[in-house]
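Notes to accompany the following structure.
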Amino acid sequence: MKFDKARFLPLLLTGIIILVDQCSKAFIAARWPIGTINPPIKDVFNNDFLQIIHVRNKVIAFSLGQNLPDTIRPVLFILLPLLVLALLLWYYFKSDDFNNVQRWAVAGILGGGIGNIIDRIFRSEGVVDFISVKFYGLLGFERWPTFNLADSSVVVCCLLLFTTILISARKPKNETAK
């Protein structure tokens, strides 16, 4: 395989996200007891919008999988995501379907996914979550479920990827050939 800078450069983002995510989680885990809110950061915007609180998550988004047996969780929360990320990485290198922005988005998804898988494997208490945002009752949430930088990376980059895919799919055939 010939070195392709356009394919490998975005993977720097993957590494940066993993590094920043793991450092932020280590910082929180070392300085905040589980369940405590950091008073100096509690009112960042002077309106209770952003809180830093140390919680652990042994399940996935919105407490999905909470009632699953402990023997099934590792398969669903470690092996399945590893398989999905491996397939995404394989497709990333094998396909010419991604444009430059989409490659960066995929790199962000990989970084966030790997960041949380590292926690699932090496932190027996669960994934470190610490960002709590007030949601003002929207969708029934007074506060959005607590999350971390890896979660943010996956969500933002998935939205970016899907948006760019939708936009490129809507272009007329003769415009995409240019």
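Which FRET efficiency value, to the nearest 0.05, is calculated for LEU79 and LEU50 with the Förster distance at 25 angstrom and r the Cβ-Cβ distance?
0.15
For the pair PHE3 and ASP70, a Förster radius of 41 Å applied to the C-beta separation gives a FRET efficiency near 0.40, rounded to the nearest 0.05. In terms of packing, defined here as the mean over residues of other Cβ atoms within 10 angstrom, the peptides 144-150, 163-169 line up highest first as 144-150, 163-169. Working from label points 7 Å from Cα in the Cα-to-Cβ sense, the ARG143 to ASN99 distance is 4.0 nm. Compute the relative contact order of the chain as a whole-number percentage, counting only Cα pairs closer than 8 Å that sit 6 or more residues apart in sequence. With pairs under 8 Å counted, the relative contact order is 29 percent. Dipole check for the chain: with +1 at the C-beta of Lys and Arg, -1 at the C-beta of Asp and Glu, and the Cα centre as origin, the magnitude is about 460 Debye. Ordering of 129-136, 104-111, 4-11 by packing is 104-111, 129-136, 4-11, highest average first (other Cβ atoms within 10 Å, averaged per residue).
With a Förster radius of 25 Å applied to the beta-carbon distance between LEU87 and ILE118, the computed FRET efficiency rounds to 0.85.
What percentages, rounded to whole numbers, describe P(r) for the chain computed over all alpha carbon pairs with 5 Å bin width beginning at zero? Answer for the chain: a P(r) of 1, 8, 14, 17, 17, 15, 12, 8, 5, 3, 1, 0 percent.
Coordinate-derived values only; no laboratory data. Everything quoted here is computed from the prediction, not taken from an experiment. A quick note on method: Cβ atoms are made from the backbone with ideal geometry, for glycine too, and the neighbour counts reach across all protein chains shown.
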